[in-house]
Structures are given as C-alpha cells and as structure tokens.
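Colleague: What follows is a single structure, and I will ask about it in a moment.
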Amino acid sequence: MKIGIPTEILNNENRVALTPAGVHTLTGAGHEVYVQTGAGEGSSFSDEEYTEAGAMIVATAKEAWSQELIMKVKEPLEEEYDYFYEGQILFTYLHLASHPELTKVLVDNKVIGIAYETVQLPDRSLPLLTPMSEVAGYMATQIGAQFLEKTKGGKGILLSGISGVKRGKVTIIGGGVVGTNAAKLAVGLGANVTIFDLNPVRLKELTEYFGNSVNVLMSNPFDIAKAIAESDLAIGSVLIPGAKAPVLVTEEMVQSMSESSVIVDVAIDQGGNFATSDRVTTHDDPIFIKHGVLHYTVANMPGAVPRTSTIGLTNATVPYALQIANKGYEKAVRDNDALLKGINTIAGKVTNQGVASALGYDFVEASSLIK
Ligand SMILES: NC(=O)C1=CN([C@@H]2O[C@H](COP(=O)(O)OP(=O)(O)OC[C@H]3O[C@@H](n4cnc5c(N)ncnc54)[C@H](O)[C@@H]3O)[C@@H](O)[C@H]2O)C=CC1
Ligand SMILES: CC(=O)C(=O)O
C-alpha cells in the first residue's frame, strides 16, 4: 500500500506520524512510504534518516496527501480539507465530537476516517490514545506547577510546600491514564492530591496503587465542588470515548476558586470538563483568564515534547497501520474489532455513536458498510 506522511501544520505541533523505525517496519513489509520533506524536523528526524529507512521524500503536502493511507498526528485543519478524496483512508486523531465542520467534510467526501482515540481493546482500554495521555498527564502537573508561579501569573504557590509551610492542593477529575500520570507527578512533587472517578473498579485500583498518598473519591457534584473551591491546581481528564466531554465543573465552582489558581483542562480535545473552558488555546499563547483563574486549554500538549511523543505514538500505531496496509482496511477491521471501533466515518456515514449523538447524525454500524 502507498502511505503518505504529511508535515503537521497545527501551531507548535512538532510531532510526526512515523519515526524512521516505523517507516522501516512498513517498507520492510513491502509498502511504499511517502514522507513530506521536513515532516520529522520538529521531532529531530531528518529526511536522510527517513530515506535510509526506505521512505521516499516528497516536496509537497499534496503529494503526501494523495496516497492511499494517510497517517497523521492531529485532526486535519481547514487548509487540508481540499486533500480529501472518496475512499481515502485517514488514520489520525480526529476528536470529531468537538469538530462539526471537519466531520461534515469527511462525510461529504466519503473519507474512511479511522480515529486513533476510538480504537478500543476488549478491556475497554484505548491503545492509541494511551501513550499521548501518559505524556499529557505528566505535563498537566508540570505545566500547572509552572503557571502557579507568580512570574507566570499564578498565585505564587510551590506545590511541595516547605517545612513550616503547607503544600499546594491538586484536584484531578478523571482517574484514567491522564489522571493517574498527573497524580504520579503531583505526589512526586509532594502536593496534597485528590482524584475523582466514577468507576468503582477504577477507584479501587487507584486506592491500591497510591495508598494513602492520594485521596481517591467517588465523582459527584457535591464533593467535586468542595475540592475545587480549595484547589490551587485543578486538572480535567474525564473521557467518554468518542463523545463530547462531560462538563463536571460548573462556572460557579470555578468562581469559588481563589484568585490566580490554575486549571489545566486536558480533556479540551473532546470539548473540556470545565464549563469555563470555552476556547482552545495554543502553545504560543496557552493561557486565558476567567473569574481570575488561569485556564490552560491546549489540545496538543504532547506536541511540546515531540521527540518522546513521536516515538511513543509510532510504537503504538505501527502494528495497526501494518494490519491496514497488509490486508487492506476492510479485512483488517473484519479481523480486528479494536480497529473496527476506530472507524468514525465511512461511505458518507458517521459510525461512532458518541460522535453521531454529539453532532446530530444518524448512527450507522461500521460493520454494515464494510464488504
Ligand atoms: N490536550 C491534550 O493534548 C491531550 C488530551 N487528551 C485527552 O485527555 C482525556 C482523558 O484521556 P485518558 O486519561 O486517556 O482517558 P481514560 O479513558 O483513560 O480516562 C478517563 C477516566 O474518566 C473516568 N470518568 C468517566 N466519567 C467520569 C465522571 N463523571 N467523573 C469522574 N471520572 C469519570 C473514567 O472512569 C476513566 O477512568 C481525553 O479526552 C483525551 O483525548 C489526551 C492526550 C493529550
Ligand atoms: C490525543 C491528542 O489529540 C493529542 O495527543 O494531541
């Protein structure tokens, strides 16, 4: 199969969909990989390294986009919509529930949109989201700690505290991959950490994992309101796969936070968990202030640590890309239910229940549209 790797064009998106090692695996299996010149630069992979791994370097985005299978990192931007064509296989993060225009263009052009974030194993885990969630979880605490510094606009709190001075409070809503990694770093810094989750099994796992170093609580509006009011740093990491993110922190709760506290709404890529997260920010200009609280709502946080993220992403995606390329997408998804769950659009239909409900499309089972 012919595989295209365009350069990412989102603000400070320095990741690329494949490392040279990933290219080597695909070309070794007999596929042709076309990498747009410079696509790996942000992750410190040169055109020469891609060539050595067996890729062909192409000069333009159009050439990369005109292949059969397009592998990307982020959801396409408006400037890229003209590259869509009927039957094209697009394998990338899509987050369609919060992107109605992109959904319409994919549907109108009958693109086969396979979203990394909805590929789901039988145990309900999300193997192509997990590596970037690990990154974003660690970053959420790291970034939150930085923006609590007075020089960055924060209230001037050191999360660890010092002898004789109390430590900072961190509240994490959603104890999945992002939430757990955010908590690991916050505990490491010595903060007073509370995690909320709704799933009793997950609550038990978190309690066993963290012991007494974290307060693990059942998610409900009453206790979330109390925790948020006392938080120096609040992190949003609740996901319902495919669907628009649930808003669990109301505007009133944000108003109850003290001046210059910090919110990092990691779930912003699906719309965000805070009622006040009304815009997506960029790495160039990551913060806005509402009710005196700093909001960080960057939807491509791992783009800031591209070397780690590109390698982690490629490790996860290549086995699936190989199945699509070796068998063709129809047989690949028939043989692998996890990959079937990744299909969000096909033949002009929306095939993810969460996306269909969020955007008002009829939901059609992907399996009914696969030969
Ligand atoms: N902004 C960025 O750059 C990035 C954003 N993300 C996003 O972060 C979000 C979280 O991702 P993961 O941690 O991988 O998901 P996950 O599926 O591992 O975790 C979600 C957790 O939310 C819990 N949950 C569901 N409903 C809840 C409720 N009402 N209250 C409390 N908890 C509830 C689930 O039980 C689960 O433990 C996703 O939207 C993902 O796309 C991930 C990576 C990068
Ligand atoms: C998950 C996602 O959208 C990202 O890593 O940018």
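Colleague: Which one of these is within 16 Å of ligand 1 (Cβ to nearest atom), in the same structural domain as Leu339 (by TED's automatic domain parsing) and in contact with a Phe, Trp or Tyr (Cβ under 8 Å, 6 or more places away or on another chain): Lys62, Lys72?
Modeller: That would be Lys72, the only listed residue that is within 16 Å of ligand 1 (Cβ to nearest atom), in the same structural domain as Leu339 (by TED's automatic domain parsing) and in contact with a Phe, Trp or Tyr (Cβ under 8 Å, 6 or more places away or on another chain).
Residue-by-condition table, conditions (1) within 16 Å of ligand 1 (Cβ to nearest atom); (2) outside the structural domain of Val262 (by TED's automatic domain parsing); (3) under 30 Å from Asn215 (Cβ atoms):
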position	(1), (2), (3)
Leu96	yes, yes, no
Lys104	no, yes, no
Ile112	no, yes, no
Gly137	yes, no, yes
Gln142	yes, no, yes
Lys150	no, no, yes
Arg167	no, no, yes
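Colleague: Yes or no: Ala358 out of contact with any strand residue (DSSP E or B) (no Cβ under 8 Å at 6 or more places or on another chain), touching a residue at least 40 places away in the same chain (Cβ under 8 Å) and of a type in the set (Gly, Ala, Ser)?
Modeller: Here the answer is yes, as Ala358 does meet what is asked.
Colleague: Name, by its number, the condition in (1) within 14 Å of Val119 (Cβ to Cβ); (2) surrounded by 16 or more Cβ atoms within 10 Å (Cβ to Cβ) that does not hold for Pro319.
Modeller: With respect to (1) within 14 Å of Val119 (Cβ to Cβ); (2) surrounded by 16 or more Cβ atoms within 10 Å (Cβ to Cβ), Pro319 is out only on (2).
To keep it simple, each residue is scored yes or no on (1) closer than 20 Å to Ile224 by Cα; (2) assigned to a loop (DSSP other than H, G, I, E, B).
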| position | (1), (2) |
| --- | --- |
| Asp269 | no, no |
| Gly272 | yes, yes |
| Arg279 | no, yes |
| Ile289 | no, no |
| His295 | yes, no |
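Colleague: Could you list, in sequence order, all residues of the stretch 273-285 that are touching a His at 6+ places or on another chain (Cβ under 9 Å) and surrounded by 24 or more Cβ atoms within 10 Å (Cβ to Cβ)?
Modeller: Phe274, Ser277, listed by residue number.
Colleague: Here is a further query. For residues that are closer than 15 Å to Thr317 by Cα and of a type in the set (Val, Ile, Thr), tally how many sit in the stretch 51-98.
Modeller: 4
Colleague: Pull up the stretch 160-195, narrow it to residues that are part of a strand (DSSP E or B), over 19 Å from the mean Cα position of the chain (by Cα) and touching a residue at least 40 places away in the same chain (Cβ under 8 Å), then point me to the one that is surrounded by the fewest Cβ atoms within 10 Å (Cβ to Cβ).
Modeller: Lys169
Colleague: May I ask you to list the residues in the stretch 216-247 that are free of Cβ contacts under 8 Å to residues at least 24 places away in the same chain and of a type in the set (A, V, I, L, M)?
Modeller: Of everything in the stretch 216-247, those that are free of Cβ contacts under 8 Å to residues at least 24 places away in the same chain and of a type in the set (A, V, I, L, M) turn out to be Leu217, Met218.
The values are calculated or read from the model by the stated rules, or taken from the named source; none is laboratory data. Predicted model only: the values in this text are computed from it and were never measured. A quick note on method: Cβ atoms are made from the backbone with ideal geometry, for glycine too, and the neighbour counts reach across all protein chains shown.
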